[in-house]
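Inspection log for the structure reproduced underneath, given as structure tokens.
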Amino acid sequence: MLICRPMVRYNLDEVSDEMVLGENIFSPNGDLLLAAGFRLSEPFRKRLRQLGFIHVYIQVFGTEDVVPEQVVSEHIQREIASAVNKGTTDLRHAFNVRMESSTHIRKMIRQNRQHLNKFLSSGNFLGAVEKMIDEILSNPTVMLNMETLKNAGQELFSHALNVTVISMAIGRKYRFSYEEMKQLALGAINADIGLIAVPEDVRKSAPDAMDDYGRELYKNHTLYGYLMLSQNHTITPTSAAVALQHHEHQDGSGYPRGIKGENRPPMKDLMRKGVIHRFAEIVAVADTFDTLCSGRNGNAGIDVREAMKRLIELSGQVLNSDIVKTLASIVPTFPTGARFRIVEAPSSQLIGYFGVVAKTNEENLECPQIILYESKNRQKIKPIFIDLALHSGFQLEVVL
Ligand SMILES: [Fe+2]
Ligand SMILES: [Fe+2]
């Protein structure tokens, strides 16, 4: 399903009382929370913030033709998200971890084998993953529009889902087969499953606020995840390897084992001892990119352009440089639907105006088509269409 209402994504903090919701908002379980057309007064904005939403789509007339490229349709995203959410809630009840010793947690993983297998082998979940792969493989665009991924709210499951969609987009670009895509998807979506066995206060604290003990507990999620996945018959060893190795670094400075990568294209390969598996390398890039863009623990995240710069800095030593390069080639800096402010323009009058990217230019990712709809003092204006491939001298800054 394509988004065809006139709407632009706003940070909840920038939404004012007269703004009208452009899309339906669903709870993690797939229930409708607020319908499109609803006026978002402060009590509702507050409630959405409490639920973990950072952004919402707002109706903006004049943007009817803005159709963000969707890698995976909303209903499949929701289907997977609700399967993951339901599964992890059940598992969390079963685990209920406080500060437990690692021997105790391993025992708990063995004892909960049934719960785990029920979740991992559930038909709903696997069916939704297969539908997602079909969609990605048949989608005419190879572009990865982060804007269409960031509105899922609820960071817990949206992170797993985003990491999976980003990994799939990379896998597609490398022309992976259906079976490879499936193994990659099941590895990506379950990469952080081991966090269920990490105490909640550790799991939820910001990485720099953790002490050494907390950090060690956190790092264990890789090992716990591997133990959880490797006992299930629907998960292949290559998918399980993703949970174990997605925090390993190319130069060997990662965890849990300090194995290395070779910065090579992730082509067909057997599992080689002491070398990071190609699926784990892809998920490492996807995970870092989504954490940067979507933020973590209530942070709004940084813009795609900055996030990509950061990935390039990390490439070679931390992340596989070939995979980072491939991701950069499919992520538009100014994706369709992104809201921006003009910081430089041939006519100084336009500086400070707000607009939305109307269409990505696949030939030149820096020069999209844009629509301006708001003056610098936030007054609505008659929409102005500009093709940046034909007009130079503009510089845009994406508003998060
Ligand atoms: Fe992780
Ligand atoms: Fe992660």
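The values are calculated or read from the model by the stated rules, or taken from the named source; none is laboratory data. Worth saying up front: this structure is predicted, and the values here are computed from it rather than measured. Glycine also receives a Cβ, built like all others from the backbone with ideal geometry; neighbour counts cover every protein chain displayed.
Some observations on this one:
- Some residue of segment 313-334 being more than 16 Å from ligand 1 (Cβ to nearest atom), touching a residue at least 40 places away in the same chain (Cβ under 8 Å), surrounded by 16 or more Cβ atoms within 10 Å (Cβ to Cβ) and of a type in the set (Phe, Trp, Tyr): yes
- Residue count, segment 28-64 (criterion: touching a strand residue (DSSP E or B) at 6+ places or on another chain (Cβ under 8 Å), surrounded by 14 or more Cβ atoms within 10 Å (Cβ to Cβ), touching a residue at least 60 places away in the same chain (Cβ under 8 Å) and assigned to a loop (DSSP other than H, G, I, E, B)): 5
- Residue 71 vs. criteria surrounded by 19 or more Cβ atoms within 10 Å (Cβ to Cβ), of a type in the set (A, V, I, L, M) and more than 24 Å from residue 128 (Cα to Cα): no
- Restricting segment 202-226 to residues that are in contact with a Gly (Cβ under 8 Å, 6 or more places away or on another chain) and more than 12 Å from ligand 1 (Cβ to nearest atom), the residue that is modelled with the highest pLDDT: 202
- Here residue 165 fulfils each of the conditions (1) surrounded by 24 or more Cβ atoms within 10 Å (Cβ to Cβ); (2) within 14 Å of ligand 1 (Cβ to nearest atom) apart from (2).
- Among the residues making up segment 73-122, those that are among the hydroxyl-bearing types (Ser, Thr, Tyr), in a loop (DSSP other than H, G, I, E, B) and touching a residue at least 60 places away in the same chain (Cβ under 8 Å) are 73, 121.
- Tally, over segment 144-163, of residues that are at pLDDT 55 or above and more than 11 Å from ligand 2 (Cβ to nearest atom): 10
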